[in-house]
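Notes for the one structure printed next.
Where a number appears in this text, it was derived from the coordinates with a stated rule and is not lab data. Here the structure is a predicted model, which means the values were calculated and not measured. Cβ: placed from backbone, ideal geometry, glycine included. Neighbour counts: every protein chain shown.
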């Protein structure tokens, strides 16, 4: 059994989903393994990771709108607002999603379904540089 680890740096443009499937698949391919398990870990508390629909862009718009409704930006609503009115809502949205994902590697490829993609979900309004740690175990 072999292991490989790496870091993916993602530039976001503000709140929304960033498709990272190609970058992750490329990194995985470069490791030269045929089977195993890939773990992705988001190193931030105001961004998260999702496996989500990759065909209809409306899905992404609906997800952003849904999370804006359940964790709204509202002056005076939260105690924590050190970095502005989107600070605590971003933490709540990250808490409701995932910091890590696991994806099987089968035949040298990520075993994602036909309509699945890997996404970094940026919960802050302004652009950020986000880090996603990658760890692959396999043969």
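Worth a mention:
- Fraction in percent of alpha-carbon pairs per bin - 10 Å, region 2-138: 12, 41, 30, 13, 3, 0
- With a Förster radius of 22 Å applied to the beta-carbon distance between residue 62 and residue 22, the computed FRET efficiency rounds to 0.45.
- Per-residue ellipticity at 222 nm, computed for the chain from helices alone with -39500 (n - 2.57) per DSSP H run of at least four residues, works out to -7500 deg cm²/dmol.
- Longest to shortest principal axis, alpha-carbon extents of region 49-123, angstrom: 52, 24, 15
- Region 1-88: relative contact order in percent, alpha carbon pairs under 8 Å with at least 6 residues between: 22
- Cα-Cα pairs of region 75-119 separated by more than 18 Å (percent): 52
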